[in-house]
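Written out below as C-alpha cells is the structure these notes cover.
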Amino acid sequence: MRFVPAFEDVEDMILDWILIDHGLGNMSFDGDKLVGYPMPIIEFTLDEACFLENTEAKTHFLHGVWESAYAFVLPGVNDNDPYYFEDHNGYTKILE
C-alpha cells in the first residue's frame with residue numbers, strides 16, 4: 001500500500017506526515033476478490049500558526065485528506081495498474 005497525498009493547495013502548511021498504520025487489518029482475499037477497505041492512520045505535523053489563523057487553509061487541508069488516495073499494488077499481479085482506494089463518501093476522520 002502506498003499513500004498518495006493530494007495537498008497541492010496547502011503543502012506549505014504541512015511540515016511533515018508519517019503513516020502510522022497501513023490499516024490493512026480489515027482486508028482479505030476471497031479467492032481472487034479483494035474484500036474490505038484500508039483504514040490507514042496518518043499523522044500530520046502542521047504549521048499551527050498558518051492552520052489556526054486561516055479558515056480557508058483548514059478547508060483546503062480537509063479537502064486534501066478526502067481527495068488523497070491509497071494505492072494497492074500486489075507484486076506480480078497489478079504492478080503497473082494499482083487499485084486506488086479513495087474516500088468519496090467522507091468517511092475520513094480527523095483526530096486532534
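Values in this text are rule-based calculations from the coordinates and carry no lab data. Here the structure is a predicted model, which means the values were calculated and not measured. Note that each Cβ is placed from the backbone with ideal geometry, even for glycine, and that neighbours are counted across all protein chains shown.
Residues of region 16-43 with amide nitrogen under 19 Å from the 7 Å Cα-to-Cβ point of E86?
Flagged as within label range: 37-40.
Between the helical axis of 55-67 and the dominant principal axis of the chain, each derived from Cα atoms, what acute angle in degrees is found, rounded to the nearest 10?
Its long axis makes an angle of about 0 degrees.
Can you compute the modelled spin-label distance between V35 and I94, with each label point 7 Å from Cα toward Cβ, in nm?
Result for the modelled spin labels: 3.5 nm.
Counting pairs of Cα atoms in the chain, how many percent are more than 21 Å apart? Walk me through the numbers before you get to the answer.
Details: 1733 of 4560 pairs.
So the pairs more than 21 Å apart make up 38 percent of the total in the chain.
If you take the charge dipole of region 2-86 about its Cα centre, with +1 on Lys and Arg Cβ and -1 on Asp and Glu Cβ, which of L74, F44, Y84 is farthest toward its positive end?
Of the listed residues, the answer is L74.
Would you work out if region 55-96 is rounded, prolate or oblate? Take a ≥ b ≥ c from the square roots of the eigenvalues of the alpha-carbon gyration tensor; rounded if a/c is under 1.5, else prolate when a/b is larger than b/c, oblate otherwise. Don't skip to the answer; put the middle values down first.
On the way: a/c = 3.47, a/b = 2.89, b/c = 1.20.
Prolate shape, in that a/c is at least 1.5 and a/b is the bigger ratio.
About the Cα centre, and with charges only on the beta carbon of Lys, Arg (+1) and Asp, Glu (-1), how big is the dipole of region 2-86? Nearest 20 debye, please. Provide the component values of the computation, followed by the final result.
On the way: 3 positive and 17 negative charges, 87 e Å.
Result for region 2-86 is approximately 420 debye, rounded to the nearest 20.
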